[in-house]
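S.K.: I am attaching a structure below and will ask some questions about it afterwards.
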Amino acid sequence: MVRIVQIALHDFKNIAFGEIAFTKSKPGSAFVPGTDVIGIYGQNGSGKTSVIEAIDLVKTLMTGAAYDRQKVLDCFYPGKDSFSIDIEFNIDTADELFLTFYTVTFSRRADSAWISHEKMAVKQFNVDKDKWGSKRTLVELVQEAPESAAEVLPRNRWSHLLNADQQLKMSMLVSLGVLQRGNMSPMLSIQTVKYLISLFACDFNLYMKEEPPEQLQINEAVYELQSASFKSAHQEILTPLYCLLAELGLYFRYRVNVFTTLANATCSLNVLSMDIIDDRVFGQKGHLSVNLFKPAVIKDDDFPAVSSAIKRVSGLIGTLVPGLSIEVKVIGSQLLDKGDSPAKQVEFLSCRNGVEIPLRCESEGVRKLISFSLCLMEVHSYSDAFLAIDELDSGVFEFLLGQLLSVLESFGKGQLLFTAHNLRVLELLPASEILLTTADPDNRFVRFKGVKPTNNMRDQYLRAISLGDSGQRLYDSTDRYSIDAALCLDGDE
């Protein structure tokens, strides 16, 4: 099981430094049960969306996908040539408990951007001593320029590992450069993981195969032939790295969901975009994205999973918007382009009081709720589920928003990070679960201090903005008379 403990941004967009800590997931001998909710509030342009974009970028890297270089070039703080994202994870593998530290640094030169630094470090919990061990680096990749060779650190440890097979070593080092040119993480890509699996199993040709075996076992005969230095590095560096990368890869692929402003835009454009749980394979998820202006085409094999997902969503939507249900109606059939896969033509419908209308005719707010309903269910149901939503309150009735968050905060199990402008939530969530953006780029996120249970945090926040009595400048002040003058078109030429 994985939980995010802390996220820190350095020179990312308009954030010189900002830190987001999940208070219920701090390191300990066990995870604290219950939903870990954080809502980020602040004025426009103060860095709220940047946090969601940073998490989305890390998810792209962790799943081995290619990042968008132009988007990355847009993430550099003005005047800076590098930015970093640090994330700490609490990882419970059932056998061991780890506090894991991942750092990625992007650098730029002219119109080029690349990953100049990636690092994975760890602290391991000692059950016998009931305390955390010292922090140690498992792997660190440094590439000073996009065309330079990658340096693998700690040098002494990795030289003993890689020197076990020269062909694997050369192939891996060449691959690291190729991955950079393909805009993928050198450390976290599927190809690099294949090399690590090959080293871990002491089967030095395994990386050449398309898929590793389902049951991976160490070749004991080859392992025993290796040097004592190789065996030491294998045990202390490679084994935990292999274990943690496997945990993080599954976590980001199947448990981390990010709902960006782009997802909001797709709802406005009448595109239904949502993750669906695939009941055919336990723990697996698929993605559904359909244009609601025309019938959707879904493979016969995929239809049961889609139908099941819509049924689950309809149950939740009916509680959020009483009397409303969602259905998927088969209106025809066809063959796909290759002619070998039968498919159904379907229409997504909104049903209210026995009246069916196309889902595209529903409100944008309802379509948005539908899009992340299954993600909310996961946060409510699973301790290792993580959901980040930008502008959660956009198109959602404030009283309903308050009820939804109160239920998740009281009865949920996973982690939820959201940004919002509606201040109703400040009256419902505890102060520990609210982050406020500041006007200081060097300390972009703060929590309210000295808030008593009887205090109305909404009133305190508005007073802090008006009077500046919070100890931090939360708002770059605006003036109603200046706004009035700027709105006036009289005499404008």
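Computed from the coordinates by the stated procedures, all read-outs in this text should not be read as laboratory data. Just so we're clear, the structure is a prediction, and the values are computed from it rather than from any experiment. Here the Cβ positions follow ideal geometry from the backbone for every residue, glycine too, while neighbour counts run over all protein chains shown.
S.K.: For the chain, take the longest principal axis of its alpha carbons; what is the angle in degrees between that and the long axis of helix 457-467, to the nearest 10 within 0 to 90?
M.R.: Once rounded, one gets 80 degrees.
S.K.: Measure nothing but the geometry: give the 0 to 90° angle between the long axis through the Cα atoms of 239-254 and the longest principal axis through the Cα atoms of the chain, rounded to 10°.
M.R.: Taking Cα atoms only, the helix is inclined about 30 degrees.
S.K.: Related question: Cross-link list Lys48/Lys294; Lys311/Lys344; Lys368/Lys452; Lys71/Lys135; Lys13/Lys59; Lys123/Lys209: which exceed 23 angstrom alpha carbon to alpha carbon?
M.R.: In this structure, Lys48/Lys294; Lys368/Lys452; Lys71/Lys135; Lys123/Lys209 lie more than 23 Å apart at Cα.
S.K.: Measure nothing fancy, just the Cα-based angle from helix 364-381's long axis to the longest principal axis of the chain, in degrees from 0 to 90, nearest 10.
M.R.: Result, in degrees: 50.
S.K.: Go ahead and estimate [θ] at 222 nm for the chain from helices alone: -39,500 (n - 2.57) per DSSP H run with n ≥ 4, summed, over the residue count, rounded to 500. Please list the in-between numbers first.
M.R.: Working: 14 runs with 161 residues, N = 493.
The helix-only estimate for the chain comes to -10000 deg cm²/dmol at 222 nm.
S.K.: Something else: Using the basic label-point model (7 angstrom from Cα toward the beta carbon), what is the Ser308 to Glu144 distance in nanometres?
M.R.: With each label placed 7 Å out from Cα toward Cβ, I get 5.4 nm.
S.K.: Once each part is reduced to its C-alpha centroid, what is the distance from the range 343-417 to the range 29-105 in angstrom?
M.R.: 23
S.K.: Have a look at Cys267, Phe98, Trp114 and report the one farthest towards the positive end of the charge dipole of the chain, computed about the Cα centre with Cβ charges (Lys/Arg +1, Asp/Glu -1).
M.R.: Farthest towards the positive pole: Phe98.
S.K.: Could the peptides 475-483, 236-244 be put in order, highest first, of the mean number of other beta-carbon atoms found within 10 Å of their residues? Don't skip to the end; give the middle numbers.
M.R.: Working: 475-483: 10.1, 236-244: 18.1.
Result, highest mean Cβ count within 10 Å first: 236-244, 475-483.
S.K.: Let me ask something additional. Only sites in a loop by DSSP and with at most 10 other Cβ atoms within 10 Å count here; which trypsin sites (Lys or Arg not before Pro) in the range 289-360 make the cut?
M.R.: Details: sites: Lys299, Lys311, Arg312, Lys329, Lys338, Lys344, Arg352, Arg360; in loops: Lys338.
Loop-located and lightly packed - Lys338.
S.K.: Moving to a separate point now. Just order 97-105, 206-214 by mean Cβ neighbour count inside 10 Å, highest at the front, would you?
M.R.: On the way: 97-105: 20.7, 206-214: 12.0.
Taking the mean over residues of other Cβ atoms within 10 Å, the ranking is 97-105, 206-214.
S.K.: Highest first, please rank the peptides 215-224, 177-186, 13-22 by the mean number of other Cβ atoms sitting within 10 Å of their residues.
M.R.: Details: 215-224: 10.8, 177-186: 17.5, 13-22: 20.0.
Those peptides, ordered most packed to least, come out 13-22, 177-186, 215-224.
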